[in-house]
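Quick notes on the structure that follows.
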Amino acid sequence: MTQATFDIFLSTVPGLEHVLLEEVIEAGFQNPVASGGGVTIHGNWSDVWRANLALRGPSKVLARIGEFRAFHLAQLDKRARKFPWGDILGQAVLDEELSVKVEVNTNKKSKIYHAGAAVERIERAIHEEFGAKIADGLEDADIVIKVRIDDNNVIFSIDTSGEGLHKRGHKQAMGKAPMRETMAALALRACGYTGNEPVLDPMCGSGTFLIEAAEISRNFMAGRARKFAFEALASYDSDAVRRLRDDWKIRDSDQLFYGSDRNVNVIGFAKDNATRAGVANLCQFTPTQVSSLERPDGPAGLVIVNPPYGARIGKKKDLFALYGSFGDVMREKFKGWRVGMITSDTQLAEATKLPWKPTEAPIAHGGLKVKLFQTDALR
């Protein structure tokens, strides 16, 4: 089973596919191709395990497990019953200890156009032929099977991650509008961060950017502290996965990571999260206003920030002053440092008066479209 090869889709937020592609190439996965919403590689179950454990950018890892053609619901039902679910779902699923849910997307090119009816047929087939328990909803399911019906091809993939991969397993406390770890990792990469320079976040919230940067500097395995849905599949080899974990090489780092925020409570959250992640010794968190920010001793590095966007009307006026103050401090005290900033509002970015480079495609983030603004080293 582990030697069969198949397509593996690594999903990400639209707008960051090219950055994820860089990470996938660097990690040595075979034949990566970027497309809308992610990167496809070709590999086996070992690659699925490694992608979940080691890559920092993907939101999910989906394994293509098979396909057939179906032109009407009766045919879908019949072929779903003959599909080799027993080779895919682990014994805990077949014994009804864990539950399954099917999610279907279909398009107008297919004769089966009613997604709900297709879900019902496939779930009933899995339950009646293989005894699997069907979950009430996607949130309750231990295993999610994703089905795409495209031009009468019924294509099955399985979500091998379970909870989103941004849930590294050590963030328990967070402030408002938190940055997801996966997006933070890709933003750091897009800013040229490789782990060999200090990083400062003057509006650090619960510490996501800095904890992610510190983990990269130590080469910590992204998924070292969590469970995955692939552990409930028939292909799961616990010894092989343990070897992947045991053979992983972390490195020493003397880089320092600086976080500040005007909210004293979130500084406490950030310290706790860094402790759980095992990088507290590399991180310094202080309650400081942006206007009072001081340049750390030592070499220049990267300032990265995810400030408030003012999505609520009436708040934007205050934000122009905040962004302006941030820009003043950067120009006056942070010569030699690069700046990366995520915001949904170009006017606010321009209020910093920083020398932004041309921006790339917008990035989907929390129902908004944001952009990553970057400078070269400030002069």
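Every number here is computed from the coordinates shown, using simple stated rules; none is lab data. Please read these numbers as outputs of a predicted model, since none were measured by experiment. Every residue, glycine among them, receives a Cβ derived from its backbone with ideal geometry; neighbour counts consider all protein chains shown.
Key figures for this structure:
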read-out: The chain - percent relative contact order, Cα under 8 Å, separation 6 or more; value: 15
read-out: Segment K78-S292, extension gain: residue separation times 0.36 nm, minus the distance between their alpha carbons; value: 70.2 nm
read-out: Simple label model, 7 Å out from Cα along Cβ direction - E26 to H42, nm; value: 2.6
read-out: Peptides 282-289, 245-252 ordered by average Cβ neighbours within 10 Å, highest first; value: 282-289, 245-252
read-out: Gain on full stretching of the segment that runs from V264 to K357 - 0.36 nm per residue minus C-alpha separation; value: 30.2 nm
read-out: Approximate spin-label separation E139-E120, in nm, with each point projected 7 Å along Cα-to-Cβ; value: 2.4
read-out: Rounded FRET efficiency, nearest 0.05, which uses the C-beta distance separating R379 from A234 and R0 of 41 Å; value: 0.10
read-out: Lys/Arg +1, Asp/Glu -1 at C-beta; the chain dipole; positive extreme among S238, A135, A300; value: A300
read-out: Aspartates and glutamates with Cα under 15 Å of K249, excluding same-chain neighbours fewer than 8 positions away; value: E215
read-out: Structure-derived Cα extents along the principal axes in Å: which label, when the choices are [x] 82, 44, 37; [y] 70, 45, 37; [z] 63, 42, 37; value: [y]
read-out: Dipole moment magnitude, nearest 20 debye, the range 1-153 about Cα centre, only Lys, Arg, Asp, Glu C-beta charged; value: 660
read-out: Electrostatic dipole magnitude of the chain [Cβ: Lys, Arg +1; Asp, Glu -1; Cα centre; debye, to 20]; value: 940
read-out: Between helix 17-26 and the chain: long-axis angle, C-alpha atoms, 0 to 90°, nearest 10; value: 80
read-out: Positive-end residue, the chain charge dipole about Cα centroid, Cβ charges, pick of L16, N219, H72; value: L16
read-out: Highest to lowest packing among 293-306, 101-114, scored as the average C-beta count within 10 Å; value: 293-306, 101-114
